[in-house]
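The values are calculated or read from the model by the stated rules, or taken from the named source; none is laboratory data. Fair warning: this is a prediction, and the values are worked out from it, not measured in the lab. Reconstructed Cβ throughout: ideal geometry from the backbone, glycine too, with neighbour counts over all protein chains shown. Note: accessible area is taken over every heavy atom of the protein model, side chains too, but ligands, DNA and RNA are not part of it. Shrake-Rupley method; radii C 1.70, N 1.55, O 1.52, S 1.80 Å.
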Amino acid sequence: MKQLRRRSTLVATGAAAALLLIPAAVAFANGNSGSDTSLRALGSKQGLRIGTAVDAARLGGDKGYTDIVATQFSTVTAENAMKWESVEPSRGVYDWKAADRLVGFARQHGQAVRGHTLMWHNQLPSWLTTGVANGSIGDAQLRDILHRHVTDEVTHFKGKVWQWDVVNEVFANSWETPQADGLNADDFWVKHLGSGIVGDVFRWAHKADPKALLMYNDYNITGEDGTNVKFQAVYDFVKKLRAQGVPIDGIGEQGHLDTQYGFDAQRYQADLQAFGDLGLKVAVTEADVRTFVDNRTDQVPTDSLAQYAQPYEFSELLKGCELVKQCISFTAWGVYDGDSWIPDTFGGEGYGLLYDVNLKPKAAYSALQQDLRLAAGAPRHSNG
């Protein structure tokens, strides 16, 4: 979920172009809560679902937050409610309340659900990590526990989850030393269970719900770090899995950007298309564009170009998806800046989402609204 490569200058590749784009977008974006101009309504005109990651605890209790989620988005991702530490905090004792609340909300508002995530090295329950660390859970038992977890969770939500992020972030980045197959040798699951576990988890998930779309989800897999090293590793590995009959349906490109880095939109689109040409669906799953800010409370950009670079790069992420017919959904990783993961992870940065700290739509929202409106006349996507 992070991009660590640094450059010395703030990138505004296209910030000058954004100077022209943003006023035009803002001109028709006012009054954006209406159904005709919502992101979900505009996206539906080309068969593209527009989504957001949701804090299930806020639904109902925070009216402004709830109204935005309900009216603007046609798909929702469980930000934390479906992660292992949330659904099984004590061994053998499941807690589905928060995740069920989100699924119920989605059904009430005609939204599809993205399940996130079944196998990831992070946000694991302490009983699991402690057991592995002290040797009370050996590798054979760990495999059985993972099998049970995947089967139980997918079965619980059978018929209710549209896409699952089945495996999350197991490939090495360009600055790390990978295994021969490109997987990260230090990944918790790969280290204990080997490369074959990736295919097995997809098989288990498919058996539990044959109709759900099963995705591999990662960051820096469309050249965001300036190379195609990680893209190529994922491409080659997934191509091999498909040849072996592993039921992997698609690729989730996270889309975490930072205005201080370069972003090669052409390479990004080409890589999405390359995955699509393998017969895979693709999705942008965790889009945000962060920048340096004055403080974490107000999150006002400290560089005058950032107010243009942020919506420009968000727009490029969406347009790349729109131009690839296999791209079925575009999801922002969070609703508004006041509830974003960015300030806690990247010191001095923020301002990464479509709504500001006061739940007001930003220029990035207007840019996406304009892009969707311009593409509305020619449906190209199939939601699966």
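The set of residues in the range 319-342 that are part of a helix (DSSP H, G or I), touching a Ser or Thr at 6+ places or on another chain (Cβ under 9 Å) and either open to solvent by less than 20 Å² (accessible area, probe 1.4 Å) or within 21 Å of ARG114 (Cα to Cα) (or both) comprises GLY320, CYS321.
Filtering the range 238-247 to residues that are touching a helix residue (DSSP H, G or I) at 6+ places or on another chain (Cβ under 8 Å) and either in a strand (DSSP E or B) or under 12 Å from PHE275 (Cα atoms) (or both) leaves only VAL238. The C-beta contact set for the range 190-201 (first residue touching a residue at least 12 places away in the same chain (Cβ under 8 Å) and open to solvent by 30 Å² or more (accessible area, probe 1.4 Å), second residue part of a helix (DSSP H, G or I) and among the hydrophobic types (A, V, I, L, M, F, W, C), distance under 6 angstrom, 6+ apart or interchain) comprises HIS192/LEU142. Applying a threshold of 8 Å to beta carbon distances and a minimum spacing of six or more residues, or different chains, the list of pairs starting in the range 338-356 at a residue that is within 13 Å of VAL54 (Cα to Cα) and in contact (Cβ under 8 Å) with a residue 40 or more places away in the chain and ending at one that is open to solvent by 20 Å² or more (accessible area, probe 1.4 Å) and aliphatic (A, V, I, L, M) reads TRP341/MET1. The C-beta contact set for the range 105-131 (first residue closer than 14 Å to ASN217 by Cβ and open to solvent by less than 10 Å² (accessible area, probe 1.4 Å), second residue among the hydroxyl-bearing types (Ser, Thr, Tyr) and modelled with pLDDT of 95 or more, distance under 9 angstrom, 6+ apart or interchain) comprises ARG114/THR75; ARG114/THR77; ARG114/THR285; ARG114/SER329; ARG114/THR331; GLY115/THR77; HIS116/THR77; HIS116/THR285. Cβ separations smaller than 7 Å between residues 6+ apart or across chains give the following pairs from the range 240-256 residues that are open to solvent by less than 10 Å² (accessible area, probe 1.4 Å) to residues that are outside any helix (DSSP H, G or I) and of a type in the set (Gly, Ala, Ser): GLY250/ALA283; GLY252/ALA283; GLY255/ALA287.
Restricting ARG296, ARG267 to those that are open to solvent by 10 Å² or more (accessible area, probe 1.4 Å), in contact (Cβ under 8 Å) with a residue 12 or more places away in the chain and assigned to a loop (DSSP other than H, G, I, E, B) reduces the list to ARG296. Residues being within 25 Å of LEU280 (Cβ to Cβ) and among the charged types (D, E, K, R) are represented in the range 177-197 by at least one member.
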